[in-house]
Amino acid sequence: MTTVAPFGAWRSPLSAERVAAASLGLGCLAVDGDAIWWIEGRPAEQGRAVLVSWRPGTEHRDAIPPPWNARTRVHEYGGGSFAVADGIACFSHLPDQRVYRLDGAGEPRALTPPGPWRYADGVIDRRRGLLLAVGEEHRSSGEPRNCLVRIELEGRETPVVLADGCDFYAAPRLSPDGETLAWIAWRHPDMPWDRSELWIARIDGAGTLRDARLVAGGGDESVLEPRWSPGGALHYVSDRSGWWNLYRLEGAASAALCPIDAEFARPPWIFGGAHYDFLADGTILCAYARQARWHLGRLDRRGRLAPIDVPFCEIGHVRAAPGGAVFLGATTAEAAAVVYLDTQRDSCTVLRRAARSPLDPADVSPPEPIAFPSAGGRVAHGILHRPRNQRYEGPGGARPPLLVRCHGGPTSSASSALDLTVQFWTSRGFAFLDVDYAGSSGYGRDYRRLLDGSWGIADVEDCVAAARFAVAQGWVDPAALLVRGSSAGGFTALCALAFHDVFAAGASYYGIGDLEALHRETHKFESRYDEWLIGPYPERRDLY
């Protein structure tokens, strides 16, 4: 029997304390032989980032004890905090940002001196005894200097700058024969998802780069995630077609491997993105998004993409491993996990889960992707969750309140994966609508660029349109529309409340409230992002 009670007043099995009891943060997967490595962010240890390893037939183990903290602050958002090869792990330690080397169970030893440098996104060159990484020097005045550096694995020399001159660097990747280095670079005022370049250079016996040349990108193209095949062919992701698709470099030209309207990458807010890798049979295992929902597939040499039936709707950090691959995956009913995929059977095994869901499956509100009309004739997107609690139902003829959420970034997207924040509300009788407003990722470049020059306008229009659409469909109570957002989404929520009369109330969590202050005080990585979203400063101070 169910109890009839007003929407929004249902007794939920999910407490605020349980939602606030944050789960593990999982990220930065790597494979070394039969060993799988990853980072766990542990709230119970004051957020310490722990380097963890696992081998078949064993339990996962912490590779670094307290107080070691494997986290880098390059570009401030970090990511790519460690690299492994042949049993050697190199990682950045949060308190001093120096690089340390770990051999087996021994004590980590410093490879870089104290100073103003930070390091990230490295690759180990065993032949030369080097770590090739992104370096960031914080000087006494002006913005930080970004470059590529080499770090001697014995720590006998000061790190040496290999490449500089661009404002940003990412993804140094060494070819299988050790002869060529590829990397990504970009310049102010661009963000890497707007314009970026793919470079390669020979690397000599001393570890110096020679004959660097641009091989892809530039112009109006975003190039991401360079990766070498076992045979030495350079692959990468580009949005030159309007979608982030996979390409292979062939001499001076590039070939699209599978031209489809889907995204094979995410905006690289952090280092270490990996959405594809090369399997032992010569096929490519890849994660790709359609309408912001992620899928897993196998791409053969003829460019045929075969979907793999897995339950995960969020997939990332794809890495080939013996007998298959590993990735991070989350479902609509379970939190993120480190997952091993047996590619012979297409079966999945969870190696580590961020948290167990405290909800009965009957109380989980499933995601429903929707599309709806918005201002200017455009179509916007969202994910709807209806009220759900097996013990309650609403009064006849009544409609639930609606909570609209504006995601951050703003170059981000809503997710279909289990989110206890969403379920907190739906289990109490609220409808919850995540809006992928103009500028969101997962829908191609044209949709991502719709926010250029229109931040605080187009995104707000779409959130307002989402609420009105839900009312028009008869899903929700028109007198009980609410809006919330955090960071950039908080700015959108504030604009919706200030300039429109649709929402009865709203909440801004650490939201942006002063665009001029943002321009003056934010860090280098995003310091010119507002020039894309709003306009050049101070020339368009009137807009700010």
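The values are calculated or read from the model by the stated rules, or taken from the named source; none is laboratory data. This is a predicted model, so every value here is computed, not measured. When we count neighbours, we look across all protein chains shown, and the Cβ atoms used for this are built from the backbone with ideal geometry, even at glycine. Surface areas here come from the heavy atoms of the whole protein model, side chains and all, with no ligands, DNA or RNA. Shrake-Rupley method; radii C 1.70, N 1.55, O 1.52, S 1.80 Å.
What the table shows:
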quantity	calculated
P(r) histogram, all alpha-carbon pairs of the stretch 436-508 included - 5 Å bins from 0, percent	3, 17, 25, 24, 17, 10, 3, 0
Cα→Cβ-extended label distance, 7 Å offset, between S140 and R540, nm	3.7
Rg/Rh for the stretch 383-436, where both radii come from Cα atoms and Rh is the Kirkwood radius	1.03
Amide N proximity, the stretch 33-61 versus T349 label position 7 Å along Cα-to-Cβ, cut-off under 18 Å	33-38, 53-61
Carbon/sulfur fraction of accessible area - the chain, other protein chains in place, 1.4 Å, %	50
Value of Rg to Rh for the chain (Rh from inverse mean 1/r over Cα pairs, i.e. Kirkwood)	0.97
Diffusion constant of the stretch 319-400 at 20 °C, which comes from Stokes-Einstein with the Kirkwood Cα-pair radius and 1.002 mPa s, µm²/s	131
Reference-scaled alpha-carbon Rg (2.2 N^0.38 Å with N residues) for the stretch 238-303	1.11
For the stretch 90-158, the spread of Cα positions along each principal axis, largest first, Å	40, 25, 20
Binned Cα-Cα distances of the stretch 15-107, short to long, each 10 Å bin given as a whole percent	16, 49, 27, 7, 1
Cα gyration tensor of the stretch 40-188 - equivalent ellipsoid semi-axes, whole Å, descending	25, 19, 14
Normalised contact order of the chain, rounded percent, pairs of Cα under 8 Å and 6 or more residues apart	11
The stretch 161-299 - accessible surface per residue (Å², probe 1.4 Å)	35
Loop-located trypsin sites (Lys or Arg not before Pro) in the stretch 222-314 whose Cβ has at most 14 other Cβ within 10 Å (DSSP)	R301, R302, R304
Taking the stretch 1-144 and dividing mean pair separation by its residue count, relative contact order in percent (alpha carbons under 8 Å, at least six apart)	13
5 angstrom amide H check on A335, placed H, neighbours 5+ away	A355, S357
Over the stretch 128-265: Kirkwood hydrodynamic radius from C-alpha pairwise inverse distances, Å	15.8
For the stretch 385-472, radius of gyration divided by Kirkwood radius, i.e. Rg to Rh on alpha-carbons	1.04
Mean projected area (nm²) of the alpha-carbon convex hull when the stretch 269-428 is viewed from all directions	12.6
